[in-house]
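Trainee: Submitted below is the structure of interest, expressed as structure tokens.
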Amino acid sequence: VVERFFNKLKQFRAVATRYDKRDDNFLASVQLAAIRIWIKENESVA
């Protein structure tokens, strides 16, 4: 499950290429991508 999540996370270009050089900006982009993945997975359940 964790490996599949990281594969989905790598589909986001800003995360995969580490576009943001500052750590806090990179963490924010990872969190936004994770939220988008979570919403996409859970909208089909409802």
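Trainee: Taking the stated definitions as given, is ASP24 more than 13 Å from the chain's Cα centre (by Cα) and surrounded by 14 or more Cβ atoms within 10 Å (Cβ to Cβ)?
Mentor: no
Trainee: Right, another one. Here is a list: ARG13, ARG18. Which entry is at positive phi and at pLDDT below 85? Let's see the steps before the verdict.
Mentor: Values: ARG13 fails: at positive phi.
Being at positive phi and at pLDDT below 85 holds for just one of ARG13, ARG18, which is ARG18.
Trainee: Of everything in the chain, what is of a type outside the set (D, E, K, R) and outside any helix (DSSP H, G or I)? Give them in sequence order.
Mentor: Going residue by residue through the chain, those that are of a type outside the set (D, E, K, R) are 1-2, 5-7, 9, 11-12, 14-17, 19, 25-35, 37-39, 42, 44-46.
Result: VAL1, GLN11, PHE12, THR17, TYR19, SER44, VAL45, ALA46.
The values are calculated or read from the model by the stated rules, or taken from the named source; none is laboratory data. Note that the structure is predicted; figures quoted are calculated from it, not measured. Methodologically, a virtual Cβ is constructed for each residue, glycine included, from the backbone with ideal geometry; neighbour enumeration extends over all protein chains shown.
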